Amino acid sequence: MKGKKLLFIRDVALYTLTAFGGPQAHIAVLLREFVEKRRYVTEEELMELNALSQIMPGPSSTQTLVGIAWKVGGLRLAIITFLIWILPSAAIMCLAAISYKIFGDRAQFASILRIVQPMAVGIVGYATYTFARKFLRTKVTAMLAVGSLVSTLILQNPYAFPILILLGGIISSALETQKEENELRVRLYSNVNPNKVAYFIGILLFFAALGAIVNRTSPFSLPIRLFENFYRNGILIFGGGQVLVPLMYTEFVELKHYLSNSEFLTGYALQQALPGPTFAFTSFVGGISMGNKGYGIIGQVIGSLVAVIGINLPGLILILFIVPFWNDLKKITRIKNSLSGINAVAVGFMATAFILLVMPFKLNVLAYGSMVVTFLLLRYTRIKAPVIILIGIAAGILL
């Protein structure tokens with residue numbers, strides 16, 4: 001058994017260094033390497049873990065991989081797997097944040113950014129388009145998406161996000177769930193220990209309240225507020241990194257001004273060229289945020305750590321606590337039916353972020369051209385985002 005765990009750790013390390021392309025590509029590699037080749041889990045178990053990660057907040061690729069590790073070797077292996085998966089890309093993004101503050105004003109660097117940043121907006125636009133095609137299939141979901149778009153543009157408040165997500169889930173669940181579900185729900189609740197549920201929900205909410213109780217004049221207030229910000233986003237993110245980026249842009253750039261539009265787009269573009277989880281992008285955001293407030297390099301490292309821990313902790317807690325009694329929970333139709341409304345609201349968030357990202361372009365023809373070309377390449381070719389970003393970097397160096 002020990003040999004199997006060591007082999008699993010080795011395979012996770014190889015997977016981490018080659019996992020390009022986001023959640024859709026990740027699940028295909030997991031199916032090939034971890035199911036068909038190594039048989040760590042069955043195909044049915046993998047698909048169930050993937051489905052579970054889709055209806056929970058948090059990083060879907062991370063939760064699926066950690067769930068596999070839990071089935072193979074328990075809690076210790078799950079934690080080791082999480083660290084192997086997240087640390088390489090998070091460390092690179094932390095170094096990128098530090099380097100950006102040092103080299104950000106260099107002429108060559110600026111030349112690359114004028115190509116790469118609009119390409120990052122094109123990637124956001126394509127993600128919005130694909131999510132809309134996938135999830136906006138009824139009048140209700142379309143109305144929810146438009147409503148969340150208009151609401152977030154008008155309110156411009158990060159606390160509007162949880163309210164809109166909750167409303168979306170309630171509306172879709174109420175409209176799509178049959179009456180007989182109520183009887184099934186009562187029977188299933190009797191099989192699930194309510195103390196377990198209360199325990200992990202209490203853990204989630206306890207950390208979410210930290211930011212509110214810290215005096216903002218404290219020298220430690222920004223790191224703890226950042227933890228609260230990222231942790232809260234970790235509770236709210238349904239749909240993985242494609243939804244995370246729009247939420248963070250609205251809160252950290254538009255509302256709180258922790259970092260600039262240019263800094264945000266640079267970090268996102270770099271993350272697209274790296275293997276591993278999209279959530280590692282938070283390492284860059286946390287590092288830049290601390291650097292902009294004068295905390296220095298040590299402060300930037302702390303900001304990166306706070307961001308990565310904060311954004312991933314809710315999803316990690318959920319996957320480890322829910323998997324043991326998922327067989328009961330997955331039968332509750334209301335849980336499944338709430339997802340369509342939540343995803344529809346997420347499409348509205350993504351559209352909001354896309355609009356806000358495009359606005360600084362003004363009359364910049366090169367920016368619009370780079371954005372449109374990126375969108376078309378993703379839509380009509382098989383060229384992946386990492387390759388497109390690398391092409392943009394090369395173009396920025398040569399032009």
| task | Report yes if some residue within segment 247-255 is modelled with pLDDT of 80 or more and more than 18 Å from the chain's Cα centre (by Cα); otherwise report no. | result | yes
| said: On the basis of being assigned to a helix (DSSP H, G or I), over 30 Å from G396 (Cβ atoms), at pLDDT 80 or above and over 18 Å from the mean Cα position of the chain (by Cα), does R232 make the cut? | reply: no
| request: Select, from T138, T81, the only residue that is farther than 15 Å from V12 by Cβ and either at pLDDT 80 or above or not charged (D, E, K, R) (or both). | output: T138
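Quickly run through segment 263-297 and pick out the residues that are open to solvent by 40 Å² or more (accessible area, probe 1.4 Å) and in contact with a helix residue (DSSP H, G or I) (Cβ under 9 Å, 6 or more places away or on another chain).
Start the filter on segment 263-297 by keeping residues that are open to solvent by 40 Å² or more (accessible area, probe 1.4 Å), which leaves 270, 292-295, 297.
L270, N292, K293, Y295, I297, listed by residue number.
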| said: Anything in segment 31-49 that is touching a residue at least 12 places away in the same chain (Cβ under 8 Å), surrounded by fewer than 20 Cβ atoms within 10 Å (Cβ to Cβ) and part of a helix (DSSP H, G or I)? List them, or say none. | reply: L31, E33, E43, E45, E48
| P324 open to solvent by 20 Å² or more (accessible area, probe 1.4 Å), modelled with pLDDT under 90 and in a helix (DSSP H, G or I) | yes
| request: State which residue is most open to solvent (accessible area, probe 1.4 Å) when the search covers only segment 249-262 and only residues that are farther than 22 Å from I297 by Cα and not β-branched (V, I, T). | output: E254
| request: Select from segment 15-30 the residues that are in contact with a helix residue (DSSP H, G or I) (Cβ under 8 Å, 6 or more places away or on another chain) and open to solvent by 40 Å² or more (accessible area, probe 1.4 Å) and write down the one among them that is modelled with the highest pLDDT. | output: L17
| Do we find that K5 is farther than 30 Å from I342 by Cβ and in contact with a Gly (Cβ under 6 Å, 6 or more places away or on another chain) in this structure? | yes
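The values are calculated or read from the model by the stated rules, or taken from the named source; none is laboratory data. Bear in mind that the values here come from a model prediction, so they are computed numbers and not experimental data. For neighbour counting, all protein chains shown are included, and Cβ atoms are generated from backbone atoms with ideal geometry for every residue, glycine included. For accessibility, only protein heavy atoms count, side chains too; no ligands or nucleic acids. Shrake-Rupley method; radii C 1.70, N 1.55, O 1.52, S 1.80 Å.
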